[in-house]
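Notes follow once the structure below has been shown.
The values are calculated or read from the model by the stated rules, or taken from the named source; none is laboratory data. Treat the numbers as computed from the prediction; the structure is a model and nothing was measured. Glycine gets a Cβ as well: all are built from the backbone with ideal geometry, and neighbour counts include every protein chain shown.
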Amino acid sequence: MAYLYEEPSRTFSEYLLIPGYSSTECIPVNVSLKTPLVKFKKGEEPSITLNIPMTSAIMQSVSGEAMAKALSREGGISFIYGSQPIGSQCAMVSRVKAFKAGFVPSDSNLRSEDTLSDLIALKKKKGHSTIAVTEDGTSSGKLLGVVSSRDWRPSRTPLDTPIYQLMTPFANLVYAKEGITLSEANDSIWEHKLNSLPIVDEENHLKYFVFRKDYDCHKDNPDELLDEKKRYRVGAGINTRDYKERVPALVASGADVLCIDSSEGYSEWQHLTLSWIKEQYGDQVKVGAGNVVDKEGFLFLAESGADFVKVGIGGGSICITRETKGIGRGQATALLEVAKARDEYFQEQGIYIPICSDGGIVLDYHMTLALAMGADFLMLGRYFARFDESPTEKVNVKGSYMKEYWGEGSSRARNWQRYDLGGDETLSFVEGVDSYVPYAGPLKDNLQLSLSKIKSTMCNCGALNISELQKKARLTVVSSTSIIEGGAHDVLLKDSQDSLKK
Ligand code: RVP
């Protein structure tokens with residue numbers, strides 16, 4: 001006879017935190033959200049620690065280059081989606097890694113005979129206003145000049161004006177030779193009041209730019225998640241099919257961490273993939289696995305070599321796996337069981353394997369609940385899809401701005417590797433939907449607000465860091481009647497839209 005769990009499986013909205021004692025020290029500015037991304041031995045430090053417990057979902061509609069840069073800037077990490085050809089995924093990873101090494105390869109380049117209209121098109125495509133003018137129009141051609149937004153007037157300069165008439169020619173440029181240090185380059189930028197400093201080799205071929213904004217940027221973003229070369233950190237999704245080609249290519253592109261992207265991770269496919277990666281690279285390549293929803297799944301992936309384990313099946317906002325296949329588990333119940341298994345594993349083996357709560361976060365307080373329930377970090381799709389930095393279109397639907405958001409198991413994503421189990425090339429049924437989510441503006445503003453709520457709740461629980469929160473948190477299941485009590489009730493709301501919802 002089938003095994004029947006005695007307790008129903010529950011989700012975040014069914015729980016609340018009971019506040020604990022907070023001392024005067026418990027103020028948001030004293031709270032640290034640092035958290036391990038990958039496994040580590042007792043008494044040691046993880047090789048990658050996130051500065052905030054946030055990762056963006058391995059999805060076409062969420063994690064592209066812009067998201068990866070924006071999230072790393074805030075202290076989290078994106079996993080660039082794997083449901084694309086190896087070459088294009090690696091190119092995205094490389095561009096994130098190249099974005100801010102201090103020395104940045106020029107990604108916007110023109111020839112001197114190109115015109116202002118070419119420049120405008122390039123600016124629209126790449127979003128950068130400093131453009132190198134090189135002999136052959138490439139990022140490593142002989143530098144002839146630099147053109148920036150200050151060199152032309154949108155309403156006055158004719159579109160067919162050649163670039164050589166607009167640019168600051170090489171002879172008048174302040175530039176530096178390859179070999180200069182970053183701090184010397186920054187000194188030169190300050191001394192000459194520049195926005196950018198081109199770096200050239202002996203033959204005056206362009207190598208890099210150093211930008212003033214990168215220097216300012218670090219001051220504005222103290223939590224930036226950087227590698228040892230001061231480049232943004234970025235992750236990448238992989239699958240259990242083409243890993244023998246994809247993993248070496250991603251490693252060569254500079255990916256900091258990989259994650260097997262699958263709706264169901266308790267499988268021999270994942271074991272084979274993890275074993276192969278560990279055989280080839282030992283501990284040099286970090287790779288997460290999942291998703292699982294119970295102790296057995298966690299232990300299986302832990303023993304297979306996973307550097308972190310993702311928890312959650314069927315809870316994603318665009319996910320219809322539960323309806324389609326009848327598998328899954330309430331996210332809170334899954335998380336509580338896996339967190340316990342992680343702690344026991346740490347006690348017994350002396351190895352701490354971080355767990356990630358993936359999917360189903362709707363309200364900001366769900367983030368704090370997930371952390372309190374034992375998640376080391378969170379993976380979010382819908383949350384990040386709403387921001388400017390997600391790769392999808394911003395569209396106007398019935399007078400409101402929306403962003404598109406579709407599941408990796410939807411027919412739109414055509415992510416065959418993830419949702420079938422091998423063999424069949426066609427996706428016979430879908431496990432995800434194609435949808436809109438309300439546009440919410442830039443990532444930074446929204447994320448800072450969410451983080452401040454997390455910190456504030458942590459203070460209410462007397463916790464100054466995530467592991468303290470997990471030790472001190474007291475959770476209670478709430479009845480359906482008290483859930484109603486938790487929202488505005490028995491009043492007529494002034495905002496008519498909200499009133500209608502009630
Ligand atoms: P959410 O944050 O609730 O939007 O959920 C995002 C998560 O949903 C992803 O990280 C992934 O685990 C899951 N997902 C992605 N696509 C699909 C699907 O098509 N069913 N599910």
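Please determine, by comparing only the residues of the stretch 303-335 that are aliphatic (A, V, I, L, M) and either surrounded by 20 or more Cβ atoms within 10 Å (Cβ to Cβ) or not assigned by TED's automatic domain parsing to the domain that holds Val437 (or both), which one is nearest to the ligand (Cβ to nearest atom).
Checked the stretch 303-335; the qualifying residue nearest to the ligand (Cβ to nearest atom) is Ile318.
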Handout entry: Hits in the stretch 90-139 - residues which are of a type in the set (A, V, I, L, M) and within 25 Å of Pro169 (Cβ to Cβ)
Key = Val104, Leu110, Leu116, Leu119, Ile120, Ala121, Leu122, Ile131, Ala132, Val133
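Would you point out the residue of the stretch 337-365, among those that are assigned to a loop (DSSP other than H, G, I, E, B) and not small (Gly, Ala, Ser), that is nearest to the ligand (Cβ to nearest atom)?
Ile361
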Exercise for the section: Find all pairs meeting these conditions: Cβ atoms under 8 angstrom apart; at least six residues apart or on different chains; first residue within the stretch 432-443 and under 10 Å from Lys403 (Cα atoms); second residue within 9 Å of the ligand (Cβ to nearest atom) and assigned to a strand (DSSP E or B). Expected result: Ser435/Tyr405; Ser435/Trp406; Tyr436/Tyr405; Val437/Tyr405
Practice task
With the checklist (1) away from the ligand (no atom under 16 Å from the Cβ); (2) part of a helix (DSSP H, G or I); (3) farther than 27 Å from His271 by Cα in hand, flag the one item Asn396 doesn't pass.
Solution key: (2)
Fill in the blank from the handout: All conditions in (1) modelled with pLDDT under 95; (2) buried (at least 20 other Cβ atoms within 10 Å of the Cβ) are true of Val437 except (1)
Practice task
Would you confirm whether any residue within the stretch 366-378 is of a type in the set (Gly, Ala, Ser), at pLDDT 95 or above and away from the ligand (no atom under 16 Å from the Cβ)?
Solution key: yes
Problem - Near pairs, Cβ below 6 angstrom, 6+ apart or cross-chain, from the stretch 224-249 (at positive phi) to any residue that is of a type outside the set (Lys, Arg) and surrounded by fewer than 22 Cβ atoms within 10 Å (Cβ to Cβ) - result: Lys230/Gly102
Practice task
Those residues that are within 18 Å of Val146 (Cα to Cα) and of a type in the set (Ser, Thr, Tyr), I need them from the stretch 196-242; list them, please.
Solution key: Ser196, Tyr208
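The rows are residues; the columns are (1) within 16 Å of the ligand (Cβ to nearest atom); (2) in contact with a Lys or Arg (Cβ under 6 Å, 6 or more places away or on another chain); (3) at pLDDT 95 or above.
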| site | (1), (2), (3) |
| --- | --- |
| Pro53 | yes, no, yes |
| Ser56 | yes, no, yes |
| Gly64 | yes, no, yes |
| Ile80 | yes, no, yes |
| Val93 | no, no, yes |
| Ala101 | no, yes, no |
| Pro105 | no, no, no |
| Arg111 | no, no, yes |
| Ile120 | no, no, no |
Handout entry: Test for Ser22: is it over 16 Å from Phe377 (Cβ atoms) and in a loop (DSSP other than H, G, I, E, B)
Key = yes
Handout entry: Hits in the stretch 137-156 - residues which are exposed (fewer than 15 other Cβ atoms within 10 Å of the Cβ) and more than 35 Å from the chain's Cα centre (by Cα)
Key = Arg153, Pro154, Ser155, Arg156
